Amino acid sequence: MSNIEHPLPYASFESLGYWEGTGRDELVLQRCNKCQIVQHRPRGICVNCLDASNLEHFVASGKGTVYTYTVTEQNQAKGFAKACPYVLAYVDLEEGSRILTNIVDCEPYDVSVGAEVMVKFVTQERPDTESFAVPVFTLS
Amino acid sequence: MTSNQFPTNIAIAGVYEHESRFSPDKTEFQIMAECAKGALDDSGLALADVDGLFGASMTMGMMGIVDLAEYLNIRPSHIDGSNIGGSSFVSHVNHAAAAINAGLCDVALVLYGSTAASNAMAIGTGGSSGSRNPETAFTVPYGMTTVGSYAMYANLHMKKYGTTSEQLAEIAVTMRHHASLNPLAKMRKLITVDDVLSSRLISSPLHLLDCCIISDGGGAVVVTSLERARDLRSKPIQILGCGEAVQHQGVGDTDLLTIAAKQSGNQAFAMAGLKRSDIDLAMIYDSFTITVLATLENLGFCKAGEGGNFVTGGNIGLKGTLPVNPDGGGLSSNHPGMRGIFLIIEAVKQLRGECGERQLDSPETALAHGTGGTIGDKHSGATLILGVTQ
Ligand SMILES: [Zn+2]
């Protein structure tokens, strides 16, 4: 288990679909069907046509590989100071976009560049008694 | 080199580096004002001559440049408070050159001041806590730190090219040697590769001694036309080329190892009409050891993947083929949060031959490259190529 207390992300209307997806335990990516571009982070427009009308969210497989990573031994920030050492990583998703994440449930130094990983969702409580889910990854 | 067309018609006429490394009794603006006096005295100009004001700092907010003008009680005709991180001041000199060339101002003053150390700022490992900025929604939950992002760059470079921690450590060792010859430097005690490798890990593979120090400090640069600079107190240093760029994560498809320096460097070299081998001195923003390696590769001083070999064997030392940061850099001399201005100051002093024990043997060209923000995430790069006048 990860000891990280993930800080609450600010979900703007542009990223609402993403965070609603994680709430359903789904990793959701955004695609412009006109340009065939997958874009992460999600935006209110497609970066190619600057238009919103062909944007849609789709459910990604949740499979990926570690593009690169670091074992964080020092971070004074709330939620992380007590969780060190923890793994910060970029994961290349099967669908072609890359996301920043944590690799959890393993010895931190067992993570390597190129390792295959699978998404899981950590539910984090919010002060208003709702909860939100953060996608993290585990070694496959 | 011709001197009647941009950018060679523009020169740096004055520089000043604040001598302090810890100033709990001063404000940022006070440090900037002291630096302004130092650089203006160096040039022989007065504050009343300044009609272009450029500046940025860790804490100047919206309209901060207007606050600075009020503090100095000046009413310049051209102002630029753009803040693109630690590279801002290299970028400011580029912008000042363009503004002078366009006739928007005659004498530009570029300022930086910081009390990062006395404010006990945790610059590299403060990490991310909650934020209402939508831009951070995909980084805040994961504990991204500045050092962590550079560390991810380093791990990828190591995996792809076999670069080692020993090679990175040698950068820190070289910078410390340079600092030992700089009376103003904060850390002057010599270190070894083993010292770096046995210092504690901050974010793997980067150790404590792979990271820059945190100090207070400030600096100032005076830019004017070469024609005017020729009549002033100090030897003018000509601007030969400049460039700026940004790099970011795009839509999640960016090659992490390609940094802004590649684009800004190519632009600056094309403008200067110089080859990489023409450069006698490189001032490279060294927030971390890996920053130096990444920047040298992306600027084209060596091929991608060859940075590890390039930085070893004394090659970036004072007697190497490309001396880097003779002042000791941010790794050992000073790092008050945004270091770009010191890259220009040391380059100018070296080209003038004013650097005492650490002085290089009559360098004629220097390159300064500032990185702002975070390599491995989003960042800016600004390159400036300088030369002695012919
Ligand atoms: Zn589109």
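The values are calculated or read from the model by the stated rules, or taken from the named source; none is laboratory data. Here the structure is a predicted model, which is why all the values come from computation and not from measurement. Don't worry about glycine lacking a Cβ; one is built from the backbone with ideal geometry, like all the others, and counts go over all protein chains shown. These accessible areas exclude ligands, DNA and RNA; they are computed on the full protein's heavy atoms, side chains included. Shrake-Rupley method; radii C 1.70, N 1.55, O 1.52, S 1.80 Å.
Of all residues in region A:93-122, those satisfying the criterion of being within 24 Å of B:Lys378 (Cα to Cα) and open to solvent by 40 Å² or more (accessible area, probe 1.4 Å) are A:Glu94, A:Glu95, A:Gly96, A:Ser112, A:Gly114. Scanning region B:16-58 for residues being open to solvent by 10 Å² or more (accessible area, probe 1.4 Å), hydrophobic (A, V, I, L, M, F, W, C) and either more than 20 Å from B:His78 (Cα to Cα) or assigned to a strand (DSSP E or B) (or both) gives a total of 2. Show me the helices (runs of 4 or more DSSP H) found entirely inside region B:256-373 where at least 3 residues are open to solvent by less than 10 Å² (accessible area, probe 1.4 Å). Ranges flagged: B:260-272, B:289-299, B:340-352.
Can you spot a residue in region A:36-46 that is within 16 Å of the ligand (Cβ to nearest atom) and charged (D, E, K, R)? Before the answer, list the steps.
So in region A:36-46, the residues within 16 Å of the ligand (Cβ to nearest atom) come out as A:36-46.
If we keep only those that are charged (D, E, K, R) as well, we get A:41, A:43.
Yes, region A:36-46 contains a residue that is within 16 Å of the ligand (Cβ to nearest atom) and charged (D, E, K, R).
Go through region A:1-13 and count every residue that is open to solvent by less than 60 Å² (accessible area, probe 1.4 Å) and either of a type outside the set (Gly, Ala, Ser) or over 26 Å from A:Lys78 (Cβ atoms) (or both). Walk me through how you get there before you give the answer.
The first filter runs over region A:1-13 and keeps only residues open to solvent by less than 60 Å² (accessible area, probe 1.4 Å), leaving A:2, A:4, A:6-7, A:9, A:11-12.
The next check asks that each one be either of a type outside the set (Gly, Ala, Ser) or over 26 Å from A:Lys78 (Cβ atoms) (or both); those that pass are A:4, A:6-7, A:9.
Qualifying residue count, region A:1-13: 4.
Checked against the criterion of being touching a Lys or Arg at 6+ places or on another chain (Cβ under 8 Å) and either within 16 Å of the ligand (Cβ to nearest atom) or farther than 16 Å from B:Thr139 by Cα (or both), the candidates A:Glu116, A:Glu107, A:Glu20 yield just one match: A:Glu116.
The single condition among (1) closer than 15 Å to B:Asn309 by Cα; (2) touching a helix residue (DSSP H, G or I) at 6+ places or on another chain (Cβ under 6 Å); (3) crowded, with 19+ Cβ neighbours inside 10 Å that B:Thr174 does not satisfy is (2).
Restricting attention to region A:67-82, does a residue exist that is more than 9 Å from chain B (Cβ to nearest Cβ) and not aliphatic (A, V, I, L, M)? Quick ask: steps written out before the conclusion?
If we filter region A:67-82 for residues that are more than 9 Å from chain B (Cβ to nearest Cβ), which is where we start, we get A:82.
Filter once more, so that each one left must be not aliphatic (A, V, I, L, M): A:82.
The answer is yes; a qualifying residue exists.
Of the set (1) closer than 19 Å to B:Ala137 by Cβ; (2) open to solvent by 40 Å² or more (accessible area, probe 1.4 Å); (3) within 15 Å of the ligand (Cβ to nearest atom); (4) of a type outside the set (Ser, Thr, Tyr), all apply to A:Glu26 but (3). Looking at the structure I just gave you, is B:Leu111 closer than 22 Å to B:Glu346 by Cα and either surrounded by fewer than 23 Cβ atoms within 10 Å (Cβ to Cβ) or modelled with pLDDT under 95 (or both)? Criteria not met by B:Leu111.
Step by step: first the residues of region A:3-27, then only those that are out of contact with any helix residue (DSSP H, G or I) (no Cβ under 7 Å at 6 or more places or on another chain) and in contact (Cβ under 8 Å) with a residue 60 or more places away in the chain, then the one that is farthest from the other protein chains (Cβ to nearest Cβ). Which residue is that? Taking the candidates together, the pick is A:Asp25.
Of all residues in region A:76-105, those that are under 16 Å from the mean Cα position of the chain (by Cα) and among the basic types (Lys, Arg) total 1.
If the condition is being open to solvent by 20 Å² or more (accessible area, probe 1.4 Å) and in a strand (DSSP E or B), then region B:234-243 contributes no residue at all.
One line per residue, one yes/no per condition, for (1) acidic (Asp, Glu); (2) surrounded by 14 or more Cβ atoms within 10 Å (Cβ to Cβ); (3) out of contact with any helix residue (DSSP H, G or I) (no Cβ under 9 Å at 6 or more places or on another chain); (4) assigned to a strand (DSSP E or B):
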residue	(1), (2), (3), (4)
A:Ser61	no, no, yes, no
A:Val66	no, yes, yes, yes
A:Ala77	no, yes, yes, no
A:Val91	no, yes, yes, yes
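The conditions are (1) touching a residue at least 40 places away in the same chain (Cβ under 8 Å); (2) surrounded by fewer than 24 Cβ atoms within 10 Å (Cβ to Cβ); (3) in a loop (DSSP other than H, G, I, E, B), and B:Arg75 fails exactly one of them. Which is it? Every listed condition holds for B:Arg75 apart from (1).
Every condition in (1) modelled with pLDDT under 95; (2) within 11 Å of chain B (Cβ to nearest Cβ) is met by A:Gln30 except one, and the failing one is (1). Within region A:61-74, is there a residue that is modelled with pLDDT under 95, more than 16 Å from the ligand (Cβ to nearest atom), of a type in the set (A, V, I, L, M, F, W, C) and within 21 Å of B:Pro141 (Cβ to Cβ)? Checked region A:61-74: no residue is modelled with pLDDT under 95, more than 16 Å from the ligand (Cβ to nearest atom), of a type in the set (A, V, I, L, M, F, W, C) and within 21 Å of B:Pro141 (Cβ to Cβ). Against the list (1) free of Cβ contacts under 8 Å to residues at least 12 places away in the same chain; (2) surrounded by fewer than 18 Cβ atoms within 10 Å (Cβ to Cβ); (3) within 16 Å of the ligand (Cβ to nearest atom); (4) not acidic (Asp, Glu), the condition A:Asn54 fails is (1).
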